[in-house]
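Written out below as structure tokens is the structure these notes cover.
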Amino acid sequence: MGRIRNTIELAKTSWGVLQKDRELVVLPVLSFLGAAIVLAIFVIPGIMALPEESASSAAAGEEQALPALSLILFVIGSLAATVVSVFFTGALVAGAHERMSGGDPTVGSAISRATQRIPGLVPWALLAATVGMIIQALRERAGAVGQFILGGIDLAWNVASFLTIPAIVIDDKGPIDGFKSSAGLLRQTWGENLASQVGFGLVGFVAVIPAIVLIAIAAALNVTAFLVVAFIIAAAWIALVLAVISALGGIFKAALYLYATRGQAPEGFEGANLGGTFTRR
């Protein structure tokens, strides 16, 4: 609990950094919109390519192999969406690094820096997406024990790759070297890494409670007009919370990587207990 509490405090510190560059919240929004557009470009044709019998089988809950064209489109769409997501995460890390280095980042400067790192970011995105799809495919076919084991493998992969994007963006490492660097830094600190992810998740959950309460009140009143307005407000609020939490996570990753590799807290985190989250052993 102490680690999670410390991470929540670090989330507050990350918020302080974000206040200096609020425009960075735009990057997670662009990431979501870009990924959604890319998915639509490939997934909609993939669905249209499904024969009628496949749709009927799916509606009946029957398993049936996807046609090759649909499968290819779904895979390409997933890969492309991951590339978009990783690129904008890289841009967010770049913006955070610029601020922590004494600069004054903008959305344009962050995207420009990420563009320079495309040779590392794109291969990493493809690798990460491929690993994720393989694990997911195996989990869908595995029994209870197999799913448990694969869940552990998925968790280990996420923990080991936690700082790969900062390694690529900040130190211009390639995808493999970036992953090795991330895994090496976190090999003995997986507990702290998990605590950071849980801590930010808790912050996000608490932040969306007002939206949940609003929807509950609207449902209880059972007034259609109020319910529609409540859903719109709640959806907008949840979207904003997700964008802010994503931005805070990118700032935290950049700070954590800089602390781990430079041995001192970056600008904006001087008074934060980064050592309590990333403990050298």
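Things to note:
- For the options G151, G174, G199, a Gaussian network treatment of the chain with springs between C-alpha atoms closer than 10 Å singles out G151 as fluctuating the most.
- Label-to-label distance, nm, for residues given as Q136 and I217 (7 Å Cα→Cβ offset): 3.7
- Applying 1/(1 + (r/R0)^6) with r as the Cβ-Cβ distance of A235 and Q19 and R0 = 22 angstrom yields a FRET efficiency of 0.35.
- Label-point separation, I176 to L227 (7 Å along Cα→Cβ), nm: 5.7
- Debye, to nearest 20: dipole size of the chain, +1 on Lys, Arg Cβ, -1 on Asp, Glu Cβ: 820
- In sequence order, calculated HN-Hα J values of segment 40-45 (Karplus, 6.51, -1.76, 1.60; Hz; x Gly/Pro): 4, 4, 9, 6, 4, x
- Crossing angle, helix 190-221 versus the chain [Cα axis fit, 0-90 degrees, rounded to tens]: 50
- Straight-line cross-link reach from K20 at under 19 Å between alpha-carbon atoms covers these lysines, not counting any fewer than eight positions away in the same chain: K12, K253.
- Degrees, to the nearest 10: 224-262 long Cα axis against longest axis of the chain: 40
- Reciprocal of mean inverse Cα separation for segment 79-216 (Kirkwood radius, Å): 16.7
- Bins of 5 Å, starting at 0 and running to the largest distance - Cα pair percent for segment 110-174: 3, 17, 22, 19, 13, 11, 8, 5, 2, 0
- The string of couplings for segment 166-175 from the Karplus curve (6.51, -1.76, 1.60, θ = phi - 60°) is x, 5, 5, 6, 7, 10, 6, 7, x, x Hz, one whole number per residue in order, with x for Gly and Pro.
- Expected 222 nm ellipticity per residue - DSSP helices of 4 or more, -39500 (n - 2.57), all of the chain, to 500: -27500 deg cm²/dmol
- Relative to the longest principal axis of the Cα atoms of the chain, the long axis of helix 2-20 makes an angle of roughly 80 degrees.
- When restricted to Cα atoms, the chain yields an Rg and a Dmax of 20.7, 62 Å, respectively.
- Taking all pairs of distinct alpha-carbon atoms in segment 216-269, Kirkwood radius in angstrom: 13.9
- For the residues F88, F226, F252, a GNM of the chain with alpha-carbon springs under 10 Å puts the largest fluctuation on F226.
- Segment L71-L126, extension gain: residue separation times 0.36 nm, minus the distance between their alpha carbons: 18.1 nm
Throughout, read-outs are computed from the coordinates displayed, never taken from laboratory work. Everything quoted here is computed from the prediction, not taken from an experiment. All Cβ positions, even for glycine, are placed from backbone atoms using ideal geometry, and neighbour counts span all protein chains on display.
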